[in-house]
Structures are given as C-alpha cells and as structure tokens.
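Read the structure below first, then the notes.
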Amino acid sequence: MWFLNWWPFALLHGLNPFWTHFVWYPRGFDTVWATSVPTLALAAAPLTLLAGATASYNFLTLLAPVLNAWCCFFLVRCITRDAKASFIAGLLYGFSSYELGQMLGHLNLDFTFLVPLVVLLVVKRVREEISPTAFILLLTLALVLELGISEEVFASLCVLGALVWTVFLAFAHADKRRIFWRLATEIMGAGLFATVMASPFLYYLIIGMDRVPSAINSAANFSADPLNFILPTQVTWFGNSVFAGVTARILGGASEEGGYLGVIVILILGLYYWEARAHRDARSLLLSIAVLALCSLGPWLHLDGVRTSIPLPWLFFTHLPLIRSALPIRFTMYVSLAAAISVGCWIAAGRGGTKPVRLVLGMAAYLCLLPNPQLFKWSDMPADRLFHDPNWSRVVPRGANVVILPFAQNGPDMSWQLDARMQFTQSGGYVGYPPLDEWASPIVRDFFTGRTESHFTHDLLTYCRTHHVSDIIIAPGTPQALADAIRKIGWTTVRIDGDDIVSIPPPETP
C-alpha cells in the first residue's frame with residue numbers, strides 16, 4: 001500500500017520515484033530492490049489519489065484473480081476454440097492454490113495476468129497469426145509491464161520460459177524447429193527492446209546491488225513439497241483439516257503453499273497424456289509440467305516437511321545472479337498454468353456424450369480449489385489517533401525525521417506515514433529487508449531484537465546524530481526493555497494518545 005501511494009506521490013512532487021528518502025533516511029532506499037509495483041501503482045493512481053492507497057490495494061487484490069482467469073481463458077480459447085473448456089481452464093489458473101496463497105499479502109506475485117498473455121503471443125506467432133513486428137512490440141510491452149510488477153516473476157518467466165522452449169524444440173518436427181529458432185530470435189529482439197525501455201529501472205537495479213543481501217530468502221526454505229501437489233493445505237476449503245497433520249509441516253506458511261493441484265486435475269493430466277500421447281505438442285506440454293514441477297521442488301528434495309540430502313536440478317540456478325533470489329515454491333504458478341491448459345485441451349477433445357462428463361469433471365476440479373473462508377477475512381487498517389491530535393504537529397513538525405518503535409516490520413511505521421500523508425521521513429521502515437550498511441549498525445540490531453547493551457545510550461545518540469533523527473516515537477508493542485532503556489536516558493518526552501514522543505537533544509555548541 002505504501003508503494004501504491006509512493007509512485008504518484010513522488011511524480012506529483014517532482015521526486016525521483018526510483019529512490020526514496022522517506023525510509024532509511026538520510027541515504028534512502030532503492031525502490032527497484034523492493035516490491036514497489038510501479039506498473040500497478042501508476043495504473044491505480046487515479047483511485048489512489050481519489051480514495052487512498054488502501055482502496056487501491058483492495059481493488060487490485062480483488063481484480064487480480066479475475067484478470068488472471070480471463071487472460072488464461074483467452075489463451076486456452078486460442079488453442080482449443082472451445083469457450084466452455086477455456087472458461088474452466090481460466091478458473092483453474094485464476095483461482096489456483098498459488099493465487100489464493102499470494103492474495104494473503106503479495107500483490108506483486110498474485111498479479112500474473114501477463115504470463116498467459118505472453119504464452120498467447122507465442123502461440124499466435126508460432127501459428128503465424130501475428131506479424132514479427134507486432135509480436136516483438138507486444139512482447140516488449142508485456143516484458144516491461146511485468147518488470148514493473150515483479151522482478152521475480154520476470155526473471156522466472158525468462159528462465160523457465162527458456163526451459164519450456166527447449167522441451168518443445170526437442171519434440172518438434174524438423175520443419176517446425178525452424179519456427180522455434182526464429183521465435184527465439186524474435187524473443188531476444190523483444191528482450192533487447194525491453195532492456196532499452198526499462199533502462200532507468202535497470203540502472204537502479206545495478207547501483208543498488210551493494211546494499212542487497214546475496215540471497216534475500218533461502219531457496220531451500222521456500223521449495224515445494226511433492227505432497228503439496230496432492231494434499232490440500234489451509235488455503236483450500238475442502239480437505240484442509242483432513243491432512244492438516246501432514247501439510248502443517250510444509251515450509252513457507254499459508255502464502256507459500258501453492259502447489260496443490262488436486263487428485264482430479266492429476267487424473268485429468270493422466271487421461272490427457274494417454275489420449276494424446278501420439279501428439280508431439282501434447283507430449284511437450286506434459287513434459288513441461290514435469291520440468292516446471294521439478295524446478296518448483298527447489299535445490300534439495302523436501303518430503304513431508306523434511307529436507308533430504310537429495311540434490312535437484314534447481315541447485316545449479318542458485319549460483320546464478322538475480323535468479324538465485326527467486327523462490328522455487330512460486331514456480332507452482334507456472335505448473336498451475338500448464339495444468340489449466342492441459343485440462344482445457346482434454347475437455348475440448350471430448351466428443352458426443354463424453355463432453356458433458358468432461359465439463360463436470362473439470363468443474364469438480366475447480367471446486368476442489370475453493371478458498372478456505374476462515375483464512376480470507378477483511379480486517380481494519382491499523383490506525384493511530386496520534387496524527388489527528390493537534391499537538392502532533394507542534395511536537396513533530398512537518399519534514400521531521402523520526403524513528404518509530406516497534407521497528408520496521410514489527411511496527412506501524414509504513415501505515416503511519418500514509419496516515420500522516422508523508423509529512424515526515426523515517427530512519428527505518430519496512431521495504432522487505434534492511435540495507436546491508438544499516439544492518440551493520442548495532443543500534444539497528446537493538447531496534448529489531450529489543451535487547452540493549454551497556455553502550456546503548458552512546459550507540460543510540462550516535463545513530464540519531466548521523467541519521468538526523470529529531471524524535472523517537474515509542475508506540476504500544478515496543479519491547480519493554482527497549483522502551484525502558486530509552487526512557488531512562490532522560491530526554492524530553494511528550495505523551496500523546498498512548499504514544500511517547502522522545503525528542504533528541506540538539507548537539508552541544510562549543
């Protein structure tokens with residue numbers, strides 16, 4: 001929500017949107033290395049300016065699965081020419097377990113409508129239904145827009161797309177292989193144009209690398225478990241409690257349990273392969289699902305929540321730049337897409353009396369994916385009366401730089417900035433991770449852990465001086481030891497509606 005507000009706010013105030021000084025002041029933060037979703041922020045800017053970032057977030061979150069489903073529908077209809085089969089395929093992709101999990105808080109990852117559109121462009125180009133120029137221009141646009149939604153999805157789309165291209169190339173007839181090689185050339189051309197168009201974004205991607213951890217999250221800790229493809233988790237309504245004892249051991253939490261396809265989808269995949277085993281494209285599609293699922297298992301095999309010593313192919317990719325930070329469990333989005341295409345093709349291939357049976361089976365497969373209503377609930381935005389109190393502006397004037405406790409993701413700092421209409425900056429904030437140079441500061445570690453050392457006062461004063469901090473705001477929920485250590489220093493403190501505002505004394509003049 002903060003970033004949905006940031007992009008229109010920065011542009012309207014003549015600020016550089018790629019680098020913000022409103023968090024981790026004074027050096028600031030490179031927004032390219034955060035989930036800053038510029039594509040979505042700019043698209044929703046009118047709604048944000050009219051009703052606020054919360055309304056935009058709600059609208060986009062509700063729009064995401066529907067838009068994803070429609071784009072998958074268009075793709076499968078192009079392949080099968082069957083609207084009913086395509087509708088079911090769209091439901092399977094748009095409301096997949098992956099999508100439902102990511103809707104719990106990852107706007108950059110649940111907006112995946114561009115992925116099926118990219119595949120649609122490829123299908124149309126292979127069939128020569130669009131010209132090379134139109135294909136390159138449209139693919140360029142899609143890549144740039146995807147880069148502005150999620151660098152992770154962009155990177156995985158390029159890598160996994162190349163693997164799927166290799167599979168289809170291997171099974172293609174000799175005459176069709178020339179089409180695939182030409183396709184690769186045109187895709188590289190679109191990539192070159194996208195690089196030029198996104199050059200400001202890529203520039204900040206490069207200059208911000210020195211403040212980024214070598215791996216933001218561990219690929220091994222966010223890998224799919226083979227059991228997740230078969231067993232429903234807490235995200236799914238039907239059957240989630242039956243297998244809770246097993247699925248509770250799956251790594252990643254509710255938002256990262258996106259592998260579930262269900263027994264019916266797996267059954268349909270088996271039937272589709274058996275019926276279409278003589279067709280090269282069908283074999284390529286089924287093998288692509290296997291390759292994508294294998295990649296989603298990560299660098300090491302996890303089974304029943306236990307990491308084994310069995311290495312997997314993705315181990316190689318964990319040594320490559322950029323893509324090593326992608327989390328394999330999120331590749332289940334591609335598995336869901338390929339599976340939805342396969343189900344659509346199988347339904348469309350039905351003839352006579354088998355067609356209604358296939359439609360019913362396809363809808364049953366979708367019903368197995370219905371979300372668990374206990375997990376998806378509306379909640380209120382955290383609000384604080386501090387910014388509506390007339391004393392606030394007198395104690396902390398516009399343009400002040402503050403530290404808010406609880407710190408970073410443990411506290412309300414980002415929502416408070418939205419509440420205050422960006423009237424202050426902060427030395428801290430939650431944008432995914434603390435910059436490496438900030439994490440090196442002992443006081444930042446104290447803020448995160450709540451523990452204090454004997455030299456705490458000196459470290460705190462040094463940090464406030466070097467970061468031009470005027471006030472520390474101690475809100476409810478701050479670790480008691482940390483709050484007590486600050487209060488014991490004896491700096492001037494004003495209490496407003498349950499929040500303590502501690503003023504940092506000015507430097508002594510000689």
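The values are calculated or read from the model by the stated rules, or taken from the named source; none is laboratory data. For clarity, every value in this text was computed on a predicted model and none was experimentally measured. Quick reminder, even Gly has a Cβ in these numbers, built from the backbone with ideal geometry, and neighbours come from all protein chains shown.
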- Item | Flag if Leu202 is assigned to a helix (DSSP H, G or I), surrounded by fewer than 17 Cβ atoms within 10 Å (Cβ to Cβ) and not small (Gly, Ala, Ser) | yes
- Item | Of the criteria (1) part of a helix (DSSP H, G or I); (2) touching a residue at least 12 places away in the same chain (Cβ under 8 Å), which one Pro356 fails | (2)
- Message: Of everything in segment 39-59, what is crowded, with 21+ Cβ neighbours inside 10 Å, assigned to a helix (DSSP H, G or I) and in contact with a Phe, Trp or Tyr (Cβ under 9 Å, 6 or more places away or on another chain)? Give them in sequence order.
- Response: Leu40, Ala41, Thr48, Ala53
- Task: Could you list all residues from segment 462-483 that are out of contact with any Ser or Thr (no Cβ under 7 Å at 6 or more places or on another chain) and free of Cβ contacts under 8 Å to residues at least 40 places away in the same chain?
- Result: Thr462, Thr466, Pro476, Gln480
- Number of the exception - Thr35 against (1) within 26 Å of Phe201 (Cα to Cα); (2) touching a residue at least 40 places away in the same chain (Cβ under 8 Å); (3) in a helix (DSSP H, G or I); (4) not small (Gly, Ala, Ser): (3)
- Message: Checking the structure you have, find out if any residue of segment 167-180 is in contact with a Cys (Cβ under 7 Å, 6 or more places away or on another chain), free of Cβ contacts under 8 Å to residues at least 40 places away in the same chain and in the same structural domain as Ser342 (by TED's automatic domain parsing).
- Response: no
- Message: Looking at segment 332-378 only, could you name the residues that are more than 14 Å from Leu285 (Cβ to Cβ) and aromatic (Phe, Trp, Tyr)?
- Response: Tyr366, Phe376, Trp378
- Message: Can you go through Ala64, Ala10 and tell me which one is buried (at least 16 other Cβ atoms within 10 Å of the Cβ), out of contact with any helix residue (DSSP H, G or I) (no Cβ under 8 Å at 6 or more places or on another chain) and in a helix (DSSP H, G or I)?
- Response: Ala10
- Output the number of residues of segment 468-510 satisfying the condition of being touching a Leu at 6+ places or on another chain (Cβ under 6 Å) and either more than 12 Å from Ile404 (Cβ to Cβ) or not acidic (Asp, Glu) (or both). 4
- Message: Quick check on segment 487-501. Is at least one of its residues out of contact with any His (no Cβ under 7 Å at 6 or more places or on another chain), under 29 Å from Gly105 (Cα atoms) and modelled with pLDDT of 95 or more?
- Response: no
- Task: Look through Gly429, Gly411 and report the one residue that is within 19 Å of Gly208 (Cβ to Cβ) and among the small types (Gly, Ala, Ser).
- Result: Gly429
